[in-house]
Amino acid sequence: MSFLHFLLRMTLLGAFGGLWGLAGIYLYLSPNLPDVETLRDVKLQTPMRVYTREGDLIGQFGEQKRSPLPFDDIPDQFVKALLAAEDDNFFRHQGIDLMGLGRAVSELVLTGQKGSGGSTLTMQVARNYFLSLERTFMRKFNEILLAIEIERALNKEEIFELYFNRVFLGHRAYGFEAASRVYYGKGIDELSLAQHAMLAGIPKAPSRNNPVSGPTAGKERRDWILGRMLTLGYIDQSQFDTASSEIDSATLHGAQLSFTAHYAAEMARQEMLDRYGMDAYNDGYHVYTTISSELQQTARSALINGLVTYDERHGYRGPEQRFPLPKEAEVDATEYWLNALADIPVIAWQTPAIITEVLDDKVSLLFRDGSLGELFWENGMSDARPYLTEDRRGSKPENPAELFTPGDLIRVVEGELPEPPTEEADPEAGDTDTPPAPLQPPWQLTQVPAAQAALVALAPDNGAILSIVGGMGFELSKFNRATQAQRQPGSNFKPFLYGAAMEAGFTAASIINDAPVVLEDSSLEDIWRPENDGGVFHGPTRLRWALTKSRNLVSIRLLQQLGVRELIAAVDRYGFETSDFSPDLSLALGTHAMSPLEVATGYAMLANGGYQVEPFLIDRIDDFHGETVFKAQPLTVCRDCDQPESTEASLEELSMEQILAQESAPADRAPIAPRVMEERVNFILNSILEDVITRGTGRRALVLKRGDIAGKTGTTNGPMDAWFSGYNQDVATTTWVGFDNYTPLGRREFGGTAALPIWIDYMRLALANSEDRERRLPPGIVNVKIDPETGLLAGSRNPKAIFEYFRQEHVPASSGKDGDSLSPGSQGTDDLVQDIF
């Protein structure tokens, strides 16, 4: 046998042996391989996103940042960049690229460094979805076999899409679309060629090659990829030169929220967690809330402006913190102060700055990004009277040095430049240079208010939360005062007492004595001597006037006559949680603590005509595929859906149209909100609360120039809590102001001064597109003239007579003055009755 024959035989035997070996490995491993068909239904861990009803993103929650894209939405330029980086033969091989493996080995031998790598994209998909990252031959064989199976089951576009959306790219970013938004703050279709190459270079070493953690290594990898793209003919020399010279601008970006609505987004997160557990964070849910984008932004601005205005009335508390330069060592002042500023957030547009120099008419500022600015004396410092107590301020400062020293941390907002001094021109001076502009926009001195506030706005007919703000800023405190704070509503609760009383037979003209009272109530700890605001008493007072003017003693005497148990039963029917109500007369003054959301829900009932609704935030939930998995079905007011109590008589009393409407009503129609307040009582109570606006404690709201708004102020002892709740038929809004530590607001602060301005600023926009319309007068209401001193029917010659609404069966008797002795329905009363229905 010749040597050539021997060599040929040995080669064939080796080949057959290799084939048998591979076959044996395949037979051994294949039964344990995962089913690649599961890749068709793979569910990527995708964060939950929360939106307003208009589709604006207000929150994103999840362990992994991911934004999956279909292959058709991936830019072709990026596809080529990734192929150049990882697998330029991807669209030609069948899962394994022998030439690529050979090239990787040769590059490793010749240069001592890994170049393009030997794994195909398909092999990386197999590893990322099914295998671990351990470096063993067995894992590599599994990876190869899986790659072959994947190529059989899926087309190239599907495989590329799986890789694109799964690979880890540093800083909790999974997939290239998510990485694009994390590093550049925009979608991958908006990036430049250089940025595409930068992202394509990350998978090789995510921690070292990402442009934030490893900008130098990342740029080297980027330039290598650009060179590969040039070699492969994907780009020309001009494109290469431009891209390789581009300075990278990557920085870390958070979720691209449309605007700040942290309290609403957090409420949605909590509800989703209750519904779906930890899967809520990773299953890609899209949560659409009831929040109005425009109104939510208005609510936040109104609350912040209201708190700042309140705060300015009580004085400047000085620097937020002080960072004087250490005396014992030489330090770089700028570096020292920048380190101090690094972790101090912007709160509600109030920018932190450290004062670096104090001059006669201004101070110099350093901001945390290293930029500089100036705060002029006229821009807030001259009016910064020091805070002494909630009721006292000190004298105005004379110069900046009275207020600040270098190293003081203060807050500023964008302001206006002071007017430059006017000087007569010198004709011989010639042209002068224009003075340099400040390095930052002009600034105005401010401070973070110590007080807090909350605002809740509901759609009265179904309880949808239109706006909710739980404090000055989520950065300052994550405690949501709109839902979590339990505060005494004070007189904000009185309308529910008056509603219960009128349902029990009292009228708007019932007379109650506004006089001092001393109570020894067994449920109270001591003798109680309640007072009116200002200590003034008016004697016998009509209920309409008492509620309009918020007379405390009338409310207490009214509750005495009504009965505490009767009040608790009524407000329980109105929708309040009464299980822990203290059964004593202090309830008349709103001493039971409630959240602003609870109060707003009660006022929504008043606004909608007396129907109970429940507040809700999530309108619908879509899954990752866009299928709706939840749709809210809230209790909804249906004013034409009231049914007779007797079902036997219903067919006789219903019209044909009503019967047909019932039969054709959809099965998934929202449940009908039950009526909880008698319609006529609701109408009369609403008319009284309109008087609160026109002639009572809510007169500031007249600035809105509306005839259909009603509401009530509330101020508790101290004063410690300031409230205003008001509404029309389209929006019901509650605002609250107070201190978290329950300290007084100041003796000149009330619901009408602290909370009402916030309500007005919000409702100005909330009512902009709401028609100003009168409420429909319900059947059984009578509008008659009464004597305002007695509450009885007025004589025809009584010059002080006024009109009042009554339920028809509760019209009072005649006062008998001026020779008249009339009763409703008597002949000769036509001039006393305006409308009878």
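All of the numbers you see were taken from the coordinates with simple rules; none came from a lab. These numbers come from a predicted model, not from an experiment. Cβ coordinates were reconstructed from backbone atoms using ideal geometry, including for glycine residues, and neighbour counts include every protein chain displayed.
On full extension, the segment bounded by Arg385 and Gln560 gains 58.3 nm, given 0.36 nm per residue less the C-alpha separation.
Figure the gain on full extension for Asn769 and Gln484 (residue separation times 0.36 nm, minus the Cα-Cα span) and round it to one decimal in nm. Write down the numbers at each step before the final one.
On the way: separation 285, 0.36 × 285 = 102.60 nm, distance 3.12 nm.
Going from the current span to full extension adds 99.5 nm.
Do the alpha carbons of any pairs in Lys186/Lys219; Lys80/Lys186; Lys80/Lys204; Lys478/Lys631; Lys712/Lys800; Lys705/Lys785 sit beyond 22 Å of each other, and which pairs? Result: Lys478/Lys631; Lys712/Lys800; Lys705/Lys785 exceed 22 Å.
As a footprinting exposure proxy, order Tyr742, Tyr310, Tyr183 by other Cβ within 10 Å, with the fewest listed first.
The order, fewest Cβ neighbours first, is Tyr742, Tyr310, Tyr183.
Highest-first packing order for the peptide set 156-163, 754-761 is 754-761, 156-163, based on the mean count of other beta carbon atoms within 10 Å.
Quick one: if the Förster radius is 56 Å, what FRET efficiency do Thr694 and Asn128 give, using the C-beta to C-beta distance and rounding to 0.05? Walk me through the intermediate numbers first.
On the way: r = 69 Å, r/R0 = 1.23.
With a Förster radius of 56 Å, E is 0.25.
Charges only on Cβ, +1 for Lys and Arg, -1 for Asp and Glu: so what's the dipole of the range 143-224 about the Cα centre, in debye to the nearest 20? List each step's numbers first, then the result.
Details: 11 positive and 11 negative charges, 90 e Å.
For this selection, approximately 440 debye.
Any chance you could run the full-extension gain for Phe259 through Thr231? It's 0.36 nm times the residue separation minus the Cα-Cα distance, nm to one decimal. Don't jump to the answer; show the numbers that get you there.
Numbers: separation 28, 0.36 × 28 = 10.08 nm, distance 4.48 nm.
The span from Phe259 to Thr231 would gain 5.6 nm if fully extended.
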